[in-house]
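Reading through the structure tokens given below for one structure.
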Amino acid sequence: MLGIDLGKNSCSLVGFDAAGVVVLRRRARRETVVGLTAKLPACVVAMEACCGAHHLGQLLVAQGHTVRLMSPEYVRPYVKAQKNDDRDAEAIAEAATRPTMRFVPLKEQEQLDMQSLHRVRSRLVGMRTMLMNQLRAILLERGLTFPQGRRKFEMAIGALMQNPEAQIGPRIRSLIGEVRDEWTDLDRRIAALDREFVEHARADEAARRLMSIPGIGTMTATALRAAVDDGSTFTRARDLAAWLGLVPRQHTTGGKPKLLGISKRGNSYLRGLFIHGARAALPSMAKAEDATGRWLRGLLARAHYNAVVVALAAKLARIAWATLRKGVSFERQPEPAHA
């Protein structure tokens, strides 16, 4: 068992023998780790699932090693005494020997590429929102308020810039034009990424099956495929919903169960996509004459609307897992007519 604590420039390596005795301690630069492991016999290499771990893991697999990636939060309890890089590497190796440890599957380069595109788009959307908020604040200081919504605000800004009688100084008018140009450029870049997601989803059979589910579009389908591939990491559908943080957080002691708000664990970006999709699909799904529609109407009668949205998001995640694992598209099953 070889544990590697990855760093930006240097890495710490600790090796265990079959009895769990430390037989190797080494520090190496990141680019020399592959050369060092090439000299070792085939073994299990454990690392934390962090930036660069998937790329290095693929290189180690090509050398004949077995790679196990773990979430850093699962490694932390195995760190002994003072924390340093050698102790971290030792904790990684020890954690990987536990039979109940949960491992992160290695991602292919295509999955990493798609995740990178989603992260860039998320950053661009955040920058656009920041520009809009700043522009609203600038105009509010001059007594100008605008309705909510990006499109309404965009149209109002266009009308304002074309109105020569607006009570705005020439310097602020030019500043608004500069901010608006930045906004337009961000719209163009976001739209280009959206078109790329659509093309990828059309070319991927599993993504097309996912998009047959209400509330799941190209964004959610491509992001889910990039994160979990075919869903084989999860034994049951509820495991995917739990990984997305869409299930209640539990604090049970003394045999008395206590359920709190959703756990918000796992992939926050995917969780947000599922919740937004559920919010968009809820009105139409609640009207459907099927088991899901009846279930949603019952929830709406006794629970807060946001709680129903999250419950539907968890159900959509379960359906998505079944769609990936069984290789079938989603089809609504209407309720049988009563005699």
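One table, with the values for the structure above:
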{"quantity": "Test: residue in segment 253-264 that is in a helix (DSSP H, G or I) and either of a type in the set (Phe, Trp, Tyr) or in contact with a helix residue (DSSP H, G or I) (Cβ under 8 Å, 6 or more places away or on another chain) (or both)", "calculated": "no"}
{"quantity": "Residue pairs meeting the criteria (Cβ under 8 Å; at least 6 apart or on separate chains; first under 18 Å from Gly217 (Cβ atoms), in segment 109-126; second of a type in the set (Ser, Thr, Tyr) and buried (at least 18 other Cβ atoms within 10 Å of the Cβ))", "calculated": "Met114/Thr222; His118/Thr222"}
{"quantity": "Condition check for Ala137: surrounded by fewer than 12 Cβ atoms within 10 Å (Cβ to Cβ), of a type in the set (A, V, I, L, M) and either free of Cβ contacts under 8 Å to residues at least 24 places away in the same chain or not in a loop (DSSP other than H, G, I, E, B) (or both)", "calculated": "yes"}
{"quantity": "Qualifying residue in segment 206-214 (condition: closer than 27 Å to Val104 by Cα, open to solvent by 20 Å² or more (accessible area, probe 1.4 Å) and not in a loop (DSSP other than H, G, I, E, B))", "calculated": "yes"}
{"quantity": "Evaluation of Gly7 against (1) more than 16 Å from Ala89 (Cα to Cα); (2) open to solvent by less than 30 Å² (accessible area, probe 1.4 Å); (3) part of a loop (DSSP other than H, G, I, E, B); (4) not aromatic (Phe, Trp, Tyr) (one fails), failing number", "calculated": "(1)"}
{"quantity": "Out of Arg76, Arg142, Arg98, sole residue that is open to solvent by 90 Å² or more (accessible area, probe 1.4 Å), farther than 30 Å from Phe197 by Cα, outside any helix (DSSP H, G or I) and modelled with pLDDT of 90 or more", "calculated": "Arg98"}
{"quantity": "When residues of segment 219-246 are limited to those that are surrounded by fewer than 20 Cβ atoms within 10 Å (Cβ to Cβ) and β-branched (Val, Ile, Thr), the one farthest from Leu112 (Cα to Cα)", "calculated": "Thr235"}
{"quantity": "Check on Ala191, of a type outside the set (Asp, Glu) and either open to solvent by 40 Å² or more (accessible area, probe 1.4 Å) or under 24 Å from the mean Cα position of the chain (by Cα) (or both)", "calculated": "yes"}
{"quantity": "Failed item, numbered, when Ala280 is tested on (1) open to solvent by less than 70 Å² (accessible area, probe 1.4 Å); (2) in contact (Cβ under 8 Å) with a residue 12 or more places away in the chain; (3) not in a loop (DSSP other than H, G, I, E, B)", "calculated": "(1)"}
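The values are calculated or read from the model by the stated rules, or taken from the named source; none is laboratory data. Since the model is a prediction, treat every value here as computed from it, not as a measurement. Cβ: placed from backbone, ideal geometry, glycine included. Neighbour counts: every protein chain shown. Just the protein is used for accessible areas: all its heavy atoms, side chains included, with ligands, DNA and RNA removed. Shrake-Rupley method; radii C 1.70, N 1.55, O 1.52, S 1.80 Å.
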